[in-house]
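J.: Following this message is one structure expressed as structure tokens.
Nothing in this text is a laboratory measurement; each read-out follows from the coordinates by a stated rule. A quick note: this is a predicted structure, and the numbers were derived from the prediction, not measured. Counting neighbours? That spans all protein chains shown, and the Cβs are built from the backbone with ideal geometry, glycine included.
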Amino acid sequence: MSLKKNIDLDNLPKHIAIIMDGNGRWAKEKGLLRVLGHESGTKSVRTTVEACVDLGVENLTLYAFSTENWNRPKIEVKTLMGLLIFSLKKEVQTMQENSVRLNAIGNIKHLPRNVQKELLQVIEVTKKNTAMTLTLALSYGSRDEIVNATRQICDKVKNNIISIENIDDALINQHLYTRNLPDVDLLIRTSGEKRISNFLLWQIAYAELYFTDVYWPDFTNENLYEAIINYQNRERRFGKTSEQLK
Ligand code: IPE
Ligand code: IPE
Ligand code: MG
């Protein structure tokens, strides 16, 4: 029996972010090449996107490639970039059918030309879709994002566009790659690792964290429902007391 019926649709997280981890170990345990783990992981991307649209989640952000992942063996990086192009081409139709708008965060200019081209094309084609914003974090690092924002803000101060007094939470937010997204409500990491790995450090200030041992290629809709139900059973106090929330 599906857990879906236990989800309170009036209390969905507005923004779910996922650190899709464990592709390599999934493959290794089966005696397969790591690459096949990544390929299998793309199936979980598809089912998770569809399940989120189906529930009515407005924002889903997936950590697909970190700034640190550039340090992996060249052949693995190359395969991941190839898979990305292949998946973008393959999924654009489904994105249209589900009214999914594609967005990307990270140092996109650092990606190979052909990846950038495909990415920007799908972003353009899907820009009017309204059901859900799917954000891919590519060549993304939270520290890189914060450095980048700091440089832009300093530049504006230097050129008298803003003054130091104008710098607040909202202004910093506006200079992040995620400027058009709400804060993360629920952060999921698969594969048993309990760390953030340079993902959305600013944006998860008050996110609920959910860790599961399931490897990303094995992550099913039921695992997603489980995470959402777990989230819905938590009390988000935002610094207040429990009594104040009543
Ligand atoms: C996550 O799976 C995918 C990327 C980081 C691109 P991994 O490749 O990190 O899998 P493990 O952690 O080695 O099992
Ligand atoms: C984080 O996973 C990055 C992505 C899922 C894209 P990693 O596997 O790269 O993280 P670490 O190295 O275990 O911290
Ligand atoms: Mg990993």
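J.: Put +1 on the Cβ of every Lys and Arg and -1 on every Asp and Glu Cβ in the stretch 53-197; which of 95, 134, 107 then has its Cα farthest towards the positive end of the dipole?
T.: It is 107, whose Cα lies furthest towards the positive end.
J.: Treat every Asp and Glu Cβ in the stretch 144-187 as -1 and every Lys and Arg Cβ as +1, leave all other atoms uncharged, and give the resulting dipole magnitude about the Cα centre to the nearest 20 debye. Write down the numbers at each step before the final one.
T.: Numbers: 4 positive and 8 negative charges, 60 e Å.
The dipole of the stretch 144-187 has a size of about 300 debye.
J.: If the stretch 86-138 were replaced by its equivalent ellipsoid, with semi-axes equal to the square roots of 5 times the Cα gyration tensor eigenvalues, what would those be, largest first, whole Å?
T.: Numbers: eigenvalues 71, 28, 13 Å².
Its equivalent ellipsoid spans semi-axes of 19, 12, 8 Å.
J.: Related question: Only helical DSSP H runs with n ≥ 4 go in: add -39500 (n - 2.57) per run for the chain, normalise by residue count and round the 222 nm mean residue ellipticity to 500 deg cm²/dmol.
T.: Values: 8 runs with 105 residues, N = 246.
Calculated at 222 nm, the ellipticity per residue is -13500 deg cm²/dmol.
J.: Another question about this same structure. Specify, per residue and in Å³, the volume enclosed by the convex hull of the alpha carbon atoms belonging to the stretch 32-158.
T.: Working: hull volume 15.7 nm³, N = 127.
So the per-residue Cα hull volume is 124 Å³.
J.: Apply the Karplus parameterisation 6.51 cos²θ - 1.76 cosθ + 1.60, with θ equal to phi minus 60°, to every residue of the stretch 97-109 and state each ³J(HN,Hα) to the nearest whole Hz, in sequence, with x for glycine and proline.
T.: 4, 8, 6, 9, 9, 8, 9, 9, 10, x, 7, 4, 4
J.: Fewest first, what order do 210, 231 take by the number of other Cβ atoms within 10 Å?
T.: 210, 231
J.: Count the lysine pairs in the stretch 90-204 whose Cα atoms lie under 28 Å apart, taking only pairs 8 or more positions apart in sequence or on different chains.
T.: 11
J.: Cut-off under 16 Å on the C-alpha distance; same-chain residues fewer than 8 positions from residue 78 excluded. Which aspartates and glutamates are left, in chain and number order?
T.: Within the straight-line limit of under 16 Å, residue 78 reaches these aspartates and glutamates: 39, 68, 118.
J.: According to a simple spin-label model (label point 7 Å from Cα along Cα-to-Cβ), what is the distance in nm between residue 76 and residue 169?
T.: 3.8
J.: Could you tell me which of 16, 55, 116 has its Cα farthest along the dipole of the stretch 1-133 towards the positive end, charges placed at Cβ (Lys, Arg +1; Asp, Glu -1), taken about the Cα centre?
T.: 116
J.: Oh, and also: What's the extension gain from residue 151 to residue 222 if we count 0.36 nm per residue and subtract their Cα-Cα distance?
T.: Details: separation 71, 0.36 × 71 = 25.56 nm, distance 4.26 nm.
Answer, rounded to one decimal: 21.3 nm.
J.: For the chain, which longest stretch is free of loop sites, where a loop site is one of the GluC sites (Glu not before Pro) that DSSP puts outside H, G, I, E and B and that has at most 16 other Cβ atoms within 10 Å? If you can, show how the numbers build up before the last one.
T.: Values: sites that count: 193, 235.
Value returned for the longest uninterrupted segment is 1-192.
J.: Turning to a different aspect of this structure: About the Cα centre of the chain, how large is the charge dipole given +1 on each Lys and Arg Cβ and -1 on each Asp and Glu Cβ? Please answer in debye to the nearest 20. Don't skip to the end; give the middle numbers.
T.: Numbers: 33 positive and 30 negative charges, 154 e Å.
That gives the chain a dipole magnitude of about 740 debye.
J.: Across the stretch 237-246, in residue order, what do the Karplus-derived ³J(HN,Hα) couplings come to in whole Hz, using 6.51 cos²θ - 1.76 cosθ + 1.60 with θ = phi - 60° and x for Gly and Pro?
T.: 9, 6, x, 7, 8, 4, 5, 4, 7, 6
J.: Now for a different question. Calculate the radius of gyration of the Cα atoms of the stretch 113-202 to one decimal place, then report Dmax, the largest Cα-Cα distance, as a whole number, both in Å.
T.: Expressed in Å, the Cα Rg and Dmax of the stretch 113-202 come to 16.1, 48.
J.: Given charges of +1 on the Cβ of Lys and Arg and -1 on the Cβ of Asp and Glu, with all other atoms neutral, how large is the dipole of the stretch 112-226 about its Cα centre, in debye to the nearest 20? Walk me through the numbers on the way to the answer.
T.: Values: 12 positive and 16 negative charges, 132 e Å.
So the magnitude is around 640 debye.
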